[in-house]
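Notes to accompany the following structure.
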Amino acid sequence: MSFWSQRRDDSPSTDRKEPEAPSRPAVAQAPTKRKAPDRVPAAAASAPTLIAPGSTFVGEISGDTELFIKGVVKGEINLDSRVIVGAEGRVEGDIRAKSIEIAGKVNGNVHCESLLKVHASGSLEGEVVTVDLDVDSGCFLSGRVQRVKAGEVGKKKSVKPAEKKPTDAASGAKASGAQSSGGGGGQTSDSKGQAGRQDRQRNRQGQGKAAPAGKR
C-alpha cells in the first residue's frame, strides 16, 4: 500500500499552473508635435473682404483681394481684383479695379480694366472708362462712357500743343498805322492850302486899299 501511495505522490499533478511571465511596464510615448502649415489654404487666402450690411467705412481701400460691399463705403477704392457692390451696398467715391459688378448704388467715376457689369438693380452716376461693358435693362447709368483697349485704362493720351499762327492783330495794327499816317499827311496839306488862301486874301485886301491912294 505504501508503494502505490508513494507512486501517486510522485506523479506530476495536472492542477499546477505555470508561473506567469512578469509584465513589462508601459513606456510613455512623447506627444508628437504638429507642424504649422507653411502656406495658407487657397480658400482662406482668396476669401473676399466684406463690408457688412449696416456698417460704414470711411477712407481709402487698396490691395489685391476681392471686395464685397453690402454696407456703405465713403472713399476711393483701388484694387487689383474684383469689386462687387451688392443690392444694398452703396459707394460714394471713385472705383478702380480689374472687374466691377454693380447691383447697388455708386456715385463716382469708375475705371475698369476688364468687364464692368451693371445689373438691373444697379445705379451708376459718374464717368466710366472700361474695356468691356455689360448693362442690364432697367439699370440707371448717368455719365460719359469711354471704351478703351486692354492696358489703356488710366493712361492719358499725349496731345501735341497746337502751333501758334500769327494773328491778324499785328497786320491790322500796321494797316491802321498806315491809315493814320496817311490821314496826317492829308491834314498837313490842307493846312498849307488854307494858309495860302489866307495870304492871297490879305494881298487882295492890301491892293484894294492902295488903289484909292494912287488916284489922289
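Throughout, read-outs are computed from the coordinates displayed, never taken from laboratory work. This one's a predicted model, so the numbers in the text were calculated from it and none came from an experiment. Glycine gets a Cβ as well: all are built from the backbone with ideal geometry, and neighbour counts include every protein chain shown.
Couple of notes before you dig in:
- Among strands (runs of 3 or more DSSP E) entirely within segment 109-148, having at least 1 residues that are of a type in the set (Gly, Ala, Ser), touching a residue at least 12 places away in the same chain (Cβ under 8 Å) and surrounded by 16 or more Cβ atoms within 10 Å (Cβ to Cβ) singles out 123-125.
- Scanning segment 89-100 for residues being part of a strand (DSSP E or B) and crowded, with 19+ Cβ neighbours inside 10 Å gives a total of 7.
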